[in-house]
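Accompanying notes for the structure given below.
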Amino acid sequence: MNIEKILPKEGPSIEEVKKYIEKYSNEIIVIKCGGSVLLDKNLFNQFIEDVAIINKLRLSSIVIHGGGKNIKKKLDKQNIDSKFINGLRVTDEKTIKIVEEALLELNFEILKNINENQASAQSVTPKDGNIIKIIPEKKELGLVGIPKEIDKDFLLNIIKEKKVPVIIPMGVGNDKKIYNINADVAAGSVAKELNSRRLLLMTDVEGVLDKNKKLILEINSEVAKKMLEEETISGGMIPKINTCIDAVENGVTGVVIVDGRKPHSILFELFSDKGSGTLIRK
């Protein structure tokens, strides 16, 4: 394998990549992408390139994508207001159809671009065998679910074929209805089920900020819980941090809130000393 030919010039050095590559050789990396990464063409292309490079390096990764801003655009067109409770979208029967449509479009786009980058990916949607079974969240959230069961074997079979599963964060309830799942929560559940070495949550912010709005490079789950109690963490960061805590306390070695606005943020997070955000460990 010619690593030099695989890596971008603007990415981590070959020496750094060689140093870290062994660390992930028999591990699974779960990547959740959302926000600007899915809307900014340049960031999107770099994200695709990073995922394709991981695949070409013969490492195993899974992608779970949100669709927040794409969903909002579609809802605005239909004059449907988005309401959030603790960072989670309230989803009724009308909204769920638009959410699914927006997510399927993005899924197709991600899949097509990974495959065009000489890598191999496979779409995973509720219609592809329902890999996520859910229990409903709070009643006031409507069709929003919490993952109860993940079809681990289905995902491992895709990985064995050296493909990247690209998962839509939706699941099916006992009532056979499709439910929306917060993409961070879905990614955390998949990472736990597969005992991932790393879970990367890509965002539009630097990482976790302290009270003075300064970036924290590394924290443990106890500090994260305290920050939630003190409301240093708020809004859309709440489900992210809850996911981080839950993941590291249930077998995931480390979760990183990654600044997805940085060029090649995934490669720098995995294969360099400097990282790209806040690392959360147990």
Legend entry - Breaking point among (1) out of contact with any helix residue (DSSP H, G or I) (no Cβ under 7 Å at 6 or more places or on another chain); (2) in a helix (DSSP H, G or I), for Lys148: (2)
Inset, instruction - Report whether or not Ile48 is within 22 Å of Ile29 (Cα to Cα), in contact with a helix residue (DSSP H, G or I) (Cβ under 7 Å, 6 or more places away or on another chain), β-branched (Val, Ile, Thr) and assigned to a strand (DSSP E or B). - result: no
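The rows are residues; the columns are (1) farther than 30 Å from Leu270 by Cα; (2) in contact with a Cys (Cβ under 8 Å, 6 or more places away or on another chain); (3) among the hydrophobic types (A, V, I, L, M, F, W, C); (4) buried (at least 16 other Cβ atoms within 10 Å of the Cβ).
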position	(1), (2), (3), (4)
Gly67	no, no, no, yes
Lys74	yes, no, no, yes
Asp81	yes, no, no, no
Lys97	yes, no, no, no
Ala102	no, no, yes, yes
Lys139	yes, no, no, no
Glu149	no, no, no, no
Pro169	no, no, no, yes
Lys176	yes, no, no, no
Inset, instruction - Write out, first by first residue and then by second, each pair whose Cβ atoms fall under 9 Å of each other, whose residues are 6+ apart or on separate chains, and whose first residue, in the range 218-246, is exposed (fewer than 14 other Cβ atoms within 10 Å of the Cβ) while the second is among the hydrophobic types (A, V, I, L, M, F, W, C) and at pLDDT below 90. - result: Gly235/Phe84
Inset, instruction - Being among the charged types (D, E, K, R) and over 21 Å from Gly68 (Cα atoms) is the filter here, so list the residues in the range 140-170 that pass it. - result: Lys148, Glu149, Asp151, Lys152, Asp153, Lys160, Glu161, Lys162, Lys163
Inset, instruction - Provide a single number: the residues in the range 1-35 that are in contact with a helix residue (DSSP H, G or I) (Cβ under 8 Å, 6 or more places away or on another chain), under 23 Å from Gly254 (Cα atoms), at pLDDT 90 or above and not basic (Lys, Arg). - result: 12
Inset, instruction - Go through the range 247-267 and give me each residue that's of a type in the set (Gly, Ala, Ser), within 26 Å of Lys148 (Cβ to Cβ) and crowded, with 20+ Cβ neighbours inside 10 Å. - result: Ala247
Inset, instruction - Could you tell me whether Val190 is in a loop (DSSP other than H, G, I, E, B) and of a type in the set (Val, Ile, Thr)? - result: no
Inset, instruction - Test each condition in (1) modelled with pLDDT of 95 or more; (2) not in a loop (DSSP other than H, G, I, E, B) for Thr243 and report the one that comes out false. - result: (1)
Inset, instruction - Would you check if Val256 is part of a loop (DSSP other than H, G, I, E, B), more than 22 Å from Arg89 (Cα to Cα) and of a type in the set (A, V, I, L, M, F, W, C)? - result: no
Inset, instruction - Tell me, yes or no, whether the range 103-118 has at least one residue that is part of a loop (DSSP other than H, G, I, E, B) and either of a type outside the set (Lys, Arg) or in contact with a helix residue (DSSP H, G or I) (Cβ under 8 Å, 6 or more places away or on another chain) (or both). - result: yes
Legend entry - Answer from Lys97, Lys73 - the residue that is at pLDDT below 90, more than 16 Å from the chain's Cα centre (by Cα) and outside any strand (DSSP E or B): Lys73
Legend entry - Output for the range 130-160, where each listed residue is among the charged types (D, E, K, R) and closer than 16 Å to Ser61 by Cβ: Lys152, Lys160
Inset, instruction - Kindly establish whether Lys162 is in contact (Cβ under 8 Å) with a residue 40 or more places away in the chain, surrounded by fewer than 18 Cβ atoms within 10 Å (Cβ to Cβ) and either in a loop (DSSP other than H, G, I, E, B) or not hydrophobic (A, V, I, L, M, F, W, C) (or both). - result: yes
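The values are calculated or read from the model by the stated rules, or taken from the named source; none is laboratory data. Keep in mind that what you see is a predicted model, and the values were worked out from it rather than measured. Ideal geometry is used to build each Cβ from the backbone, glycine not excepted, and the neighbour counts take in all protein chains shown.
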